[in-house]
Amino acid sequence: MHTPVMLLELVDGVFTDPDGIYIDCTGGGGSHSFELSKRLSDKGSLIILDKDLDAVDRLRDRFKDCKNVKIIHSSFADILQIVEEDNILGNVTGIIADFGTSSYQLKDSERGFSFRLEGDIDMRMDRTQEFRASDVVNSYDEHEIFKIIIKYGEEKFARSIARNIVKYREGKRLDTTLELSQIIANSIPKKFHKYGISPSTKTFQALRIYVNRELEDIETLLSSVSSILKISGRFGAISFHSLEDRIVKKSFIEYAKNCTCPPLLPMCICNRVPEFKILTRKAVVPSILEVTVNPLSRSAKLRVAEKIN
Ligand SMILES: C[S@@+](CC[C@H](N)C(=O)[O-])C[C@H]1O[C@@H](n2cnc3c(N)ncnc32)[C@H](O)[C@@H]1O
């Protein structure tokens, strides 16, 4: 099972109307969706998206008896199109997103997300996609690999990791997650290995984000939510690292902006009104109890905003 992070904090933050239309952008194991669906009346409905077909199969099974729940294999980057096809543009009551990987994905060695388990260097969330992380580590040049690790992993030792990946694959392929992990561990001086944190964490994160275009998808989602939600509709998102959280926070600030005219102008000419009210002045983080029970929740941050115009 995937243990949901900030289950009630997210659902309480977004749920306002039992008759409403809700969208869960990242169905995963379905716990946030289940909590939402329990609260719906017969008139309410829930659309669940996931770009991972395994997750979609599990979700279809879990919600097979729920008439008002619809499950779609799709990236949340395509949410606008889905909403338009359903004729619910501007009528949605709540949208939730819980970014990152699920435990199902992490624990499946074949998926290649885990640096602890031997598997192919795959890391695709959507396995109908051709491009995988093994294409990056086996065919990109050193500078391209360096740029990915520094940009999406913020890894200090990106240069030496990229150099060693390219050196390793001379005359052979770099095939498995454990080979990659070993190269990374050898590229970071021992004194910089942190207790309890694998040296591979940031590099694996970087490859995963790059292969799945995760940040671009989040940007697209954030740029769509305003037209999808009705007035008083809410959007809530849980991020697991600063790159994701920065996009959510920046979009919220942009959406909540009032007049942007230079202060020296005698009157407003932009006529701008805030589209959203930010409901979480500071990001909500999991309780100490939750982090103790589920250490994977420790980096989670929840932000919620309400459409007001
Ligand atoms: C952290 S899990 C969600 C867990 C879920 N909230 C629960 O209660 O079980 C993230 C899920 O989002 C999916 N995902 C990641 N990027 C996606 C995208 N761009 N579009 C749709 N689903 C995505 C992953 O496949 C994964 O199943």
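In units of the rule-of-thumb radius 2.2 N^0.38 Å, segment 129-211 shows an alpha carbon radius of gyration of 1.00. Converting the Cα gyration tensor eigenvalues of segment 1-141 into ellipsoid dimensions via √(5λ) gives semi-axes, longest first, of 30, 17, 12 Å.
Evaluated at 25 °C with a viscosity of 0.890 mPa s, what Stokes-Einstein diffusion coefficient in µm²/s does segment 174-309 have when Rh comes from the Kirkwood expression over alpha-carbon pairs? Translational diffusion coefficient: 136 µm²/s. Applying 1/(1 + (r/R0)^6) with R0 = 51 Å to the Cβ-Cβ distance of Ala283 and Glu170 gives a FRET efficiency near 0.70.
Using C-alpha pairs below 8 Å separated by at least 6 residues, the relative contact order for segment 189-309 is 30 percent. Full extension of the chain segment joining Thr292 with Ile269 gains 3.1 nm, where the gain is 0.36 nm per residue of separation less the Cα-Cα distance. Ignoring lysines fewer than eight residues from Lys277 along the same chain, the ones with Cα atoms less than 16 angstrom from its Cα are Lys230, Lys249, Lys250, Lys257, Lys307. Only Lys, Arg, Asp and Glu carry charge here, each on its Cβ (+1 for the first two, -1 for the last two); on that basis the chain has a dipole of about 1180 debye about its Cα centre. In segment 1-81, Cα pairs under 8 Å separated by at least six residues give a relative contact order of 29 percent.
Note on segment 185-205 and segment 254-304: Cα centroid distance 32 Å, given to the nearest whole angstrom. I'd like the orientation of helix 242-255 relative to the chain: the angle between its Cα long axis and the longest Cα principal axis, in ° from 0 to 90, rounded to 10. Roughly 20 degrees, rounded to the nearest 10.
Using the Cβ-Cβ distance between Arg60 and Asp141 with R0 set to 45 Å, the FRET efficiency works out to roughly 0.60.
Placing +1 on the Cβ of every Lys and Arg and -1 on the Cβ of every Asp and Glu, with nothing else charged, gives segment 129-211 a dipole about its Cα centre of roughly 400 debye. Full extension of the chain between Lys250 and Lys151 gives 33.9 nm of extra length, using 0.36 nm per residue less the Cα-Cα distance. Using 0.36 nm per residue and subtracting the Cα-Cα separation, the extra length available between Ile308 and Lys257 on full extension is 17.2 nm.
For the chain, DSSP calls about 40 percent of its internal beta bridges antiparallel.
Using a 7 Å offset from Cα along Cα-Cβ at Asn91, what residues in segment 284-309 end up with backbone N under 20 Å from the label point? Label zone hits: 307-309. Peptides 89-99, 138-148, 25-35 ranked from most to least packed give 25-35, 89-99, 138-148, packing being the mean of other C-beta atoms within 10 angstrom over each peptide's residues. Beyond 23 Å, what share of the Cα-Cα pairs of the chain remains, rounded to the nearest whole percent? When all Cα pairs of the chain are counted, 59 percent exceed 23 Å.
Entry note, the chain: relative contact order of 18 percent, from Cα contacts under 8 Å with a spacing of 6+ residues. May I ask for the angle, rounded to the nearest 10°, between helix 177-187 and the longest principal axis of the chain, with both axes built from Cα atoms and the value confined to 0 to 90°? Tilt relative to the chain: about 70 degrees. Panel values: segment 178-218, Kirkwood radius from alpha carbon pairs, Stokes-Einstein at 4 °C and 1.567 mPa s, translational diffusion coefficient 115 µm²/s.
Helix 158-168 axis versus longest C-alpha principal axis of the chain: approximately 50°, rounded to the nearest ten.
Read-outs: derived from the displayed coordinates by stated rules, not from any lab. Because the structure is predicted, anything quoted here is derived from the model rather than measured. Positions of Cβ are backbone-derived with ideal geometry, glycine not excepted, and every protein chain shown enters the neighbour counts.
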